[in-house]
Amino acid sequence: MLVAAAVCPCPPLLVPEVAAGAAPELEPARAACADALGVLAAARPDRLVVVGPAEGGGPEVYPAGTRGSFRGFGVDVDVRLGAGEDGTGGAVAEPLGELPYGLAVGAWLLARTGRAGAPVEGLGVGPSLTAERCVALGRDLAGRPGRLALLVLGDASACRTVKAPGYLDERAAPFDAAVARALDAADPAALQALDAELARELKVSGRAPWQVLAGAAEGADLAGTLLYEDAPYGVGYLVAAWS
């Protein structure tokens, strides 16, 4: 049963060492993410699944202890997903592979706030996954025993200005506004209805993770609050909490 969710953006720029001199510009987003993670901790979940974008399609499961790194951005910052334990006090075997950047940002947020509060695992979902498949993954997560919380990572469109990574696309702002309304209203149906092809064209990394959330939230009767909405650097960043 899904009892809470935090929705956060996942640009590596959230990590101050990566952002360097631009770090203060995203401090409001970091603060909103901390507030959303506080909602997860307050729900006292039995397990926490970090859902984020991955290359290709997936789904790819990352156990607690999986490492991630921001060394590709020229900074000496490494992270691990959760405490690296299996929930019973024993250390897990060293996982294979490395967290994709979106999930690495999630691991960094959890470590920064110290608000995991439950055994953690990661789930990477990519742009080639259909809405139906994402929703089915979410339903499966929520159908397992125990109280589930989700940390859902992903950016909105990358086409909000002429200097954005995807240049200016007039469809970007309305798309992002529709996602913001759905997150504020905790509306799973609206998230399920997002157009995957349009999201791909607008370089939206959050579409698949948001639709996993939509599947998990069916019938959960959660309330939502939009905590942050902005488009620095021409990319839409949204933070929300559901509980």
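The values are calculated or read from the model by the stated rules, or taken from the named source; none is laboratory data. Not measured: the values here are computed from a predicted model. A quick note on method: Cβ atoms are made from the backbone with ideal geometry, for glycine too, and the neighbour counts reach across all protein chains shown. SASA here: full protein model, heavy atoms, side chains in, ligands and nucleic acids out. Shrake-Rupley method; radii C 1.70, N 1.55, O 1.52, S 1.80 Å.
What residue, of ALA182, ALA186, ALA208, is open to solvent by less than 30 Å² (accessible area, probe 1.4 Å), more than 15 Å from PRO9 (Cβ to Cβ) and in contact with a strand residue (DSSP E or B) (Cβ under 6 Å, 6 or more places away or on another chain)? Talk me through it step by step, then tell me what you get.
Numbers: ALA182 fails: in contact with a strand residue (DSSP E or B) (Cβ under 6 Å, 6 or more places away or on another chain); ALA208 fails: more than 15 Å from PRO9 (Cβ to Cβ).
After ruling out the rest, the residue left standing is ALA186.
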Note on segment 200-243: residues outside any strand (DSSP E or B), closer than 12 Å to VAL179 by Cβ and of a type in the set (D, E, K, R) are ARG207
I'm trying to understand the selection: among the residues of segment 215-243, which are small (Gly, Ala, Ser) and touching a helix residue (DSSP H, G or I) at 6+ places or on another chain (Cβ under 6 Å)? GLY215, ALA216, ALA217, GLY224, GLY236, ALA240, ALA241, SER243
So, in segment 64-100, exactly how many residues are under 25 Å from ALA41 (Cα atoms) and modelled with pLDDT under 90? 11
